[in-house]
Protein chains: 2
Amino acid sequence: MSDLRRTSVQELLRSTDLDREVLVKGWVRTRRGNKYVQFIAVNDGSGFNSIQVVANAEQFPEEKLKADGVENGAAIAVRGKLVASQGKGQSVEIQAEEITVYGSADPTMYPLQKKGHSLEFLREIAHLRPRTNTFGAVLRIRHAMSFAVHKYFNDNGYFYIHTPIITGSDAEGAGQMFRVTTLSDTKPPLNEAGAVDYSQDFFGKATNLTVSGQLEGEVAAMALGKVYTFGPTFRAENSNTARHLAEFWMIEPEVAFFDLQDNMDLAEDFLKSLVRYALEHCPDDLQFLNDQYDKELLSRLKFVVENDFKRLTYTEAVEILKTAKQKFEFPVDWGTDLQSEHERYLVEKHFKKPVILTNYPKDIKAFYMKLDEDGRTVRAMDVLFPGIGEIIGGSQREDDLQKLQRRMQEMHVPEEDLWWYLDTRRFGSAPHAGFGLGFERLILFITGMANIRDVIPFPRFPKSAEF
Amino acid sequence: MSDLRRTSVQELLRSTDLDREVLVKGWVRTRRGNKYVQFIAVNDGSGFNSIQVVANAEQFPEEKLKADGVENGAAIAVRGKLVASQGKGQSVEIQAEEITVYGSADPTMYPLQKKGHSLEFLREIAHLRPRTNTFGAVLRIRHAMSFAVHKYFNDNGYFYIHTPIITGSDAEGAGQMFRVTTLSDTKPPLNEAGAVDYSQDFFGKATNLTVSGQLEGEVAAMALGKVYTFGPTFRAENSNTARHLAEFWMIEPEVAFFDLQDNMDLAEDFLKSLVRYALEHCPDDLQFLNDQYDKELLSRLKFVVENDFKRLTYTEAVEILKTAKQKFEFPVDWGTDLQSEHERYLVEKHFKKPVILTNYPKDIKAFYMKLDEDGRTVRAMDVLFPGIGEIIGGSQREDDLQKLQRRMQEMHVPEEDLWWYLDTRRFGSAPHAGFGLGFERLILFITGMANIRDVIPFPRFPKSAEF
């Protein structure tokens, strides 16, 4: 077969140049047929749909195919003629002339057989689940969304900044963090007080995995103007839920000279462009997920693209919730954080569209958010999505050095750890704003999947770091 | 100024629509002039060049500008008329009508003054160095290269896979790793043998920061066909050199049904496309680096694009080195790894072009590389670049289960840690190949910078995790 160049399955399925010799390589999804003819569905990962290979039983009797290992999961090469298909569901198929098996998959051992598997079971074999229709679709959409993120920012003049993963500072002044060390685990060096002497550790200080690249992103924005990060972040929270991961990817744009209004405009335009990109570039994968898991997926995605997000203040939202007919488990009071049930009520019942809430009470938000004139609220914004809740959290940042220092004192954030961050307010400070988008939350929304462990290739959560 | 929309400096510099009112926001790079007129160079990070603001001394006397803080580093907004420039070096300038200072930068405190700073000094203030010409250029090029990586793979049908950062396995069976834990640092739980009981740690097992996403990439390639990773990787090596970082970014494509030849073709085409992208998209930044740091930078980049890489086997290279006139510090013998001096001789003296060396002795390469028929060499490839040495390392992978298991035993890689990796050879195994490109090595080559700590925003190395 060596002089014939391989073609991808997606290319063949789109091809109108028929009755020619082709070479395809991929994995057997199904093999069925009778004593006259065998149909082999071959998928090479290039897209959702497989190509049908038709093998005449005279040349390829079923017993021989079986003996050669042409079974579900086997890697094969097929040389043959690309012809118009008589069957429904596909326009072309391959009349097999030569079939080569690279690697078989013993049907008595291979975990992925024809029948559907539960998502729970597939999580146990995360190394094989990309071979299923569901995870192939999810991972291709995940790729498309990653690219759409980079393309959006590149097209709009933003610069991608790789902020550090190992860090000595805690951006939120809060999150539970993973320690990073090379000291002996049983006999670390101790100082006179009996504590571990981190000056002897690899970095000469105690270090953790980052919870956010925002502070370093702000540093870069104060030089390059428009920047974004897209990298892994970590939370050592013992949360065994369908919404939390210990390791997840975050996108954080940060823009000099932006105020809260600009920030909301960016968030809305960005999210809409991502959803539009998915609708345009992943129709087959989305259609499958729509049919298989969530009949309202496509209409929900279109709805987000076509409608303005509702913007209102936290204070206005609290008024709406207080007068709502619905009974809530948690009471609503100005000054307390909104619960998931409240956010869902606003998005799914009251406004029936994505909502941007702004100007939250300062006491429930991070130290770096810009104080409003009233001294009680900050220029925060949360974007709330149907089914997901908060998908974006952001704010205009406090650009006044004294006000920032006061907030750090009030919230017990040590100045000496963030001297470099304060320098951005000391020298050439400017209004700026940004936000964080949890990438897996976005993928949940785009795919309609219910569990965040099913939208990342190898999920990390309490008691699980396999693969 | 509120009804006038801000324009970026780069947009203004390209504009031919003159004699109109514009609003620009950015930072003062220099202010100079006399008692009649002041010239303020404003840069907003959007590109290398600043725009010249001309401030008539009648309206803007120097004393008033000084008092208002219009000094190097200050963040300002300028409203004025965009006009053709009389000065050389720019086609347009702004006649200032209104200047607003957002944040000044006290000239007695601000570390970045007019005079040039050493790269060593700038490393100490990595939070401010993006404001310099050099680091602005490097970071914009770094962005362009990141985007070019994603664009290349997306355009060619590859899927981006986020492989895990926290891992229980060591891909190379070698690298020194950072431990990730949430156990008490002074009193971790111990088992009966007196060792730390990692079953009580966050993930229920000992975990480290990844040294490579390759093994998980292979898993994904065996389902999606063509994939790549682009993420942070970590080495806890105590190397205080201009070539090593403890935290760096790596790009790792992995392709099903690729052999060593395909892999070399991909590596060469990929690298050339990246260099071509830089030449097309970053002319100003590259020109500055060429003039300032490395007079041969641009010609070296063009040379790489225009010439085929020389391909030869390790064995052929050893023959060349043995008969070379040059004296080497380290002797060359078949079976030993090549030293930097040998690689440089081949690339810079003998062939005078990038070189791809293949088929290395198995004993100096990783367990997963495909054994050649002779049983002595493996289908490895290293791409060697002028000034950089090894920029890419890769191989065709061993796809035969038994041979792979034998290599793992010989090299003491425990099978039980990699059961999932072996499953890819157990079920539907196929020939495949891939490589790793150290992203910072690439940026060194593209920018002509000499120290790897100067091509990443916040470098991590022994005794340093500041910012």
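No lab work stands behind these numbers, since they all come straight from the coordinates. These figures come from a predicted structure and were not determined experimentally. With ideal geometry, Cβ positions are generated from the backbone for all residues, glycine too; neighbour counts draw on all protein chains shown.
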Give, to the nearest whole percent, the P(r) tail of chain A beyond 39 angstrom, counting all Cα pairs. 36
What net charge is computed for the residues neighbouring A:Leu82, neighbours being all others with C-beta under 12 Å from the C-beta of A:Leu82, Lys and Arg scored +1, Asp and Glu -1? -2
Label point distance in nm, B:Phe328-B:Ser199, each placed 7 Å from Cα along Cα→Cβ: 5.1
Electrostatic dipole magnitude of the range B:100-249 [Cβ: Lys, Arg +1; Asp, Glu -1; Cα centre; debye, to 20]: 880
For B:Glu237, inter-copy label distances in nm, listed shortest first [label point 7 Å out on the Cα-Cβ vector]: 3.8
Relative contact order of chain B, please, whole-number percent, based on alpha carbon pairs below 8 angstrom and at least 6 residues apart. 13
Note the distances from B:Met109 to each other copy's matching label point, with points 7 Å along the Cα-to-beta-carbon direction, in nm, sorted shortest first. 6.9
Calculated FRET efficiency, B:Arg20 and A:Asp308, Cβ-Cβ r, R0 35 Å, to nearest 0.05? 0.65
Test item: Cα-centred dipole of the protein assembly as shown, Lys/Arg +1 and Asp/Glu -1 on Cβ, debye: 980
Suppose we consider the axis relating copy A to copy B; can you name the residue of A with the nearest Cβ and state that distance in angstrom as an integer? A:His150, 2
Any idea what Rg and Dmax come out to for the range A:318-405 if you just take the C-alpha atoms, in Å? 14.0, 45
Please work out, to two decimal places, the log10 of the ratio I(q)/I(0) at q = 0.17, 0.18, 0.28, 0.35 Å⁻¹ from a Debye calculation in which every Cα of the range B:426-467 carries one identical scatterer. -0.60, -0.63, -1.02, -1.14
Quick shape check on the range B:247-330: root eigenvalues a ≥ b ≥ c of the Cα gyration tensor, a/c under 1.5 is rounded, otherwise prolate if a/b tops b/c, else oblate, and it reads oblate
Magnitude of the charge dipole, chain A, Cβ model with Lys/Arg +1 and Asp/Glu -1, debye to 20: 1400
Quick one: in the range B:1-86, what % of C-alpha pairs are over 15 Å apart? 57
Hey, what number do you get for chain A at 222 nm if only DSSP H runs of n ≥ 4 count, each worth -39500 (n - 2.57), divided across all residues, to the nearest 500? -8500 deg cm²/dmol
Could you please report the charge total around A:Phe467, scoring K, R as +1 and D, E as -1 over all other residues with beta-carbon less than 11 angstrom from its beta-carbon? -2
Per-copy distances of the A:Glu124 label point, shortest first, in nm (7 angstrom along Cα→Cβ): 5.9
Rg followed by Dmax, in Å, when the protein assembly as shown is reduced to its Cα trace: 29.3, 99
Quick one: grab the alpha carbon gyration tensor of the range B:128-277, order the square roots of its eigenvalues as a ≥ b ≥ c, and give me rounded if a/c is under 1.5, else prolate or oblate depending on whether a/b is larger than b/c. oblate
Net charge contributed by nearby residues that have their C-beta within less than 15 Å of B:Leu18 (K/R +1, D/E -1): -2
Out of A:Val378, A:Pro188, A:Thr233 - ranked by how far each Cα lies towards the positive end of the dipole of chain A, with unit charges on the beta-carbon of charged residues - the top one is A:Thr233
Rounded to whole Å and ordered largest first, report the semi-axes of the equivalent ellipsoid of the range A:197-345 derived from its Cα gyration tensor (root of 5λ). 32, 24, 21
